């Protein structure tokens, strides 16, 4: 297979997001993302591969003018990860271009004001070439590059633009405090 650029991926996702219901859309987007996860398949500018010391790098690859979806590339240094978080009302497809990512899915089992208790549903390692999707309300998860010697590069498609999310930080006795976190793009 020959390499493709972001413009070809955008053309394919434009068709996928016109597919109808959210489950059909996410499955078609997942198929297109998996298609570019093969080694050397997606041409990316070198800036997308740069990790940052204090947090994972979050870079915008494409924003649909009609705001139907965005494509991001995230670069994770060894040991970097997210707290439990959601993607409020947005479907998402997450795929690994290089390296490996530990993904743990959660379900809320109790909620009080700004606190939640979660039960882990499943945890699995996503390796280069693999992708999965989330459809609200089944969206709570945490991502970690738990490898000690290698960065991880991931591609994410969202059903809109994810500029804020609820994050959940442990506060003891199995409780997590909910905080609304605004996010931005790195250079």
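Helix 22-36 and the long axis of the chain differ in direction by around 60°, with both axes built from C-alpha atoms.
Given the choices (i) 25.5, 100; (ii) 16.2, 52; (iii) 16.5, 48, Rg and Dmax of the Cα atoms in Å derived from the coordinates of this structure is entry (ii). Using the rule -39500 (n - 2.57) for each DSSP H run of four or more residues, divided by the residues of the chain, the 222 nm mean residue ellipticity is -4500 deg cm²/dmol. Highest mean first, the peptides 26-37, 108-119 sorted by other C-beta atoms within 10 Å per residue fall in the order 26-37, 108-119.
Read-outs throughout are calculated quantities, based only on the coordinates presented, and are distinct from any laboratory measurement. Computed from a predicted structure; not experimentally measured. Positions of Cβ are backbone-derived with ideal geometry, glycine not excepted, and every protein chain shown enters the neighbour counts.
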